[in-house]
Amino acid sequence: MTSRPSRALARAFAAAIPAVLATGAGCTRDLGTLQPAAHPPEADVFIDGFGPGVQFSAFGGSKVDALEIEQDQVFRGTAALKFVVPGPGDPSGGYAGGSFYAVAPRDLTGFDALTFWARASTSAVVNTVGLGNDNSGSSIFTAEVAGLPVSTTWTKYAVPIPLASKLGAETGLFFLAEGSEHSVGYDLWFDDVRFERTGTITNARPSIASASVNGEIGSALSVGGTQVVFDVAGTDRTVLAAPAYFTFASSDPSVAAVDASGGVQLVGAGSATITAQLGSTQASGAVTVNVAMPPDGPPPSPELPASDVISLFSDAYDDVPVDTWSAVWDQADVEDVQVGGASVKKYTNLAYAGIEFTSSPIDASAMTDFHIDLWTSDPSAFRVKLVDFGADGAFGGGDDSEHELTLNTGSTPPIRAGAWNTLDIPLSAFAGLTGRSKMAQLIISGASPTVYLANVYFFKTTPAAPTEPAPTPAHPADDVISLFSDAYENRTVDTWSASWDQADVEDVQIAGDAVKKYANLVFAGIEFTSQPIDAGEMTHFHVDVWTPDPTDPPASIRFKLVDFGADGAFGGGDDVEHEIAVSAESDPPLASAQWVGYDIPLAEFVNLTTRGALAQLILVGDPSTVFLDNVYLHK
């Protein structure tokens, strides 16, 4: 019941049954004073025919030919209204419904109810019936009863008017909407539809939905859940009444100003309570509004290396393509704003927002976490859904996966109101997101109608140390001269960090395997000068390397081998040495958070012209933390 077919449709319907859709006189003028006369207090909507000036307009999406004029099944007189309620899946429309409206306004202040007689071809529950909706999209005094039971016997019903004094110029007379709850359709009849002063409608008990909501200055909300319970001839009946029937008040208009239709504008920081009356009767319930200032400072600046990030939106990184930050199917408004000099996405009127990157799905299979900086005025709920389109990279197809998380003040991570929340969420927490190689949608929703987002990206966390040992070497022991390895018998090494170097070293265990850990590494001197090594028969130098640090070019790790020459002592004019560098551009490439094994031909140490008295291995690193294992020469 959201859109109204054109008046042309109503006129076309009238032309189809001209004998029934008669129009009568509207307002008249007092020729003596030339002042408009009061609107007529006309009661009839349908009594053997349409009342004066009454027309019908079907609701959008309804079965437009559902209404018929019945001349056999009548309560009394010669005619009744018949609605053919379609069954589920009926191609002619999903339900029966529409509005009986007056061409000219009527004065309904003298009545206390809309009454009618009704029956059905089978017992049913009518979704909604009421008054005050003329299907123009601008009705403000709607009142309806939901879930009205009807039987196969003619029965009289009354829809109480919440506050008749409001209806001095009303055009919405009677409306209904009904979809069959059965597997097939059925027929529904109405007769003697009119307004009455019954005298049996008493004890009005108005209420509004109690709530405590949070918002920021400049945003708006609406009071909801406005209704009135009446005693109708000894039986309670609940009428869902439009907010315009009520008179609202704010305990502090400088914080929250409320208008006649229950719209609340948040104008100042603080708290205010919204209450209501129906006429002179105080309504139960109240809405507490907590209003915060919008963010006055920027979000935190990310510090992760760019190589570990896939960014959707951040000043700190290059962003991947995003098709839209508010999809056509969502319910939200978004704008780009600056907060403290930082680029921020501001969402208003947020029910849910679809952020799509379907044209360039993201391969996040190497990522471990999702990051977002959030500012919200209501921390009771903020929801994040990630959607992967599966191997085919397209929506549907049976291989899509998704998962939604709800964050609040007690979640992990928690959120709080009126401050930037830095949220790092492990992708493993999105348990239903079984695929991550074709990420295509991010959907947000929550309790606050206004939120700010910044620094939206996927990232990977690098562990501080390896969790698995380096691969076990497979070279025969007879072909190996080992400096450090659990797989072989090691030669004597005088020191793994000489007094003249700049590095700290310690022996650590990784899953039961001995490993050398270098920290604060600039260069480290590994010396075996007391027992130099004759590597004349060896062909390769081997080492396994693991670092948690970034390895983006030009970062590198360098290995220098030093031979003391024939005299076996430092200096003397016969020392030789050569340094080899490995990096992300080497084969294999140096990479963060994984063991990388290097077998470097000794021939590549071109300046190492002698190998009979190898005495030093010097390690130089741009990464400041390096783990070494399986350091040996082999043939």
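The values are calculated or read from the model by the stated rules, or taken from the named source; none is laboratory data. Just so you know, these numbers come straight off a predicted model, no measurement behind them. Cβ: placed from backbone, ideal geometry, glycine included. Neighbour counts: every protein chain shown. Quick note on the areas: whole protein, heavy atoms, side chains included, nothing else; ligands and nucleic acids left out. Shrake-Rupley method; radii C 1.70, N 1.55, O 1.52, S 1.80 Å.
With respect to D191, is the statement that it is of a type outside the set (V, I, T), open to solvent by 20 Å² or more (accessible area, probe 1.4 Å) and assigned to a strand (DSSP E or B) true?
Working: of a type outside the set (V, I, T): yes; open to solvent by 20 Å² or more (accessible area, probe 1.4 Å): no; assigned to a strand (DSSP E or B): yes.
In short, no.
Quick one: which of Q509, Q531, Q502 is without any contact (Cβ under 8 Å) to a residue 12 or more places away in the chain, polar (S, T, N, Q) and surrounded by fewer than 16 Cβ atoms within 10 Å (Cβ to Cβ)? Checking each option against the conditions leaves just Q509. Of all residues in the range 514-528, those satisfying the criterion of being hydrophobic (A, V, I, L, M, F, W, C), within 10 Å of T625 (Cα to Cα) and open to solvent by 20 Å² or more (accessible area, probe 1.4 Å) are A519, V522. The residues on offer are P588, P601, and the sole one that is free of Cβ contacts under 8 Å to residues at least 24 places away in the same chain and open to solvent by less than 60 Å² (accessible area, probe 1.4 Å) is P588. A search for C-beta distances below 6 Å between a residue of the range 456-483 that is open to solvent by less than 60 Å² (accessible area, probe 1.4 Å) and any residue that is acidic (D, E) and assigned to a strand (DSSP E or B), counting only pairs 6+ apart in sequence or on different chains, returns F459/D369; P469/D513; A470/D544; A470/D629.
When the test is whether a residue is closer than 29 Å to V159 by Cα and surrounded by fewer than 16 Cβ atoms within 10 Å (Cβ to Cβ), T288 does not pass it. The condition of being free of Cβ contacts under 8 Å to residues at least 40 places away in the same chain, within 30 Å of T247 (Cβ to Cβ) and not β-branched (V, I, T) holds for only one of S92, S138, S99, S123, that being S138.
Is it the case that A487 is closer than 14 Å to W546 by Cβ and part of a loop (DSSP other than H, G, I, E, B)? Give the derivation first.
Working: closer than 14 Å to W546 by Cβ: no; part of a loop (DSSP other than H, G, I, E, B): yes.
Considered against the rule, which asks whether it is closer than 14 Å to W546 by Cβ and part of a loop (DSSP other than H, G, I, E, B), A487 comes out as no.
For D501, the conditions (1) in contact with a strand residue (DSSP E or B) (Cβ under 6 Å, 6 or more places away or on another chain); (2) within 25 Å of P471 (Cα to Cα) are fulfilled apart from (2).
Looking across the range 350-366 at every residue that is assigned to a loop (DSSP other than H, G, I, E, B), of a type in the set (A, V, I, L, M, F, W, C) and modelled with pLDDT of 95 or more, the one that is nearest to D315 (Cα to Cα) is identified as F357. Checking every residue in the range 254-261 against the condition of being closer than 24 Å to A419 by Cα, surrounded by 15 or more Cβ atoms within 10 Å (Cβ to Cβ) and either touching a residue at least 12 places away in the same chain (Cβ under 8 Å) or over 33 Å from the mean Cα position of the chain (by Cα) (or both) gives at least one match. Contact map, the range 395-424: first residue acidic (D, E), second residue surrounded by fewer than 16 Cβ atoms within 10 Å (Cβ to Cβ), Cβ cut-off under 8 Å, separation 6 or more or different chains; pairs are D399/A391; D399/D392; E402/G432; E404/R383; D424/P413.
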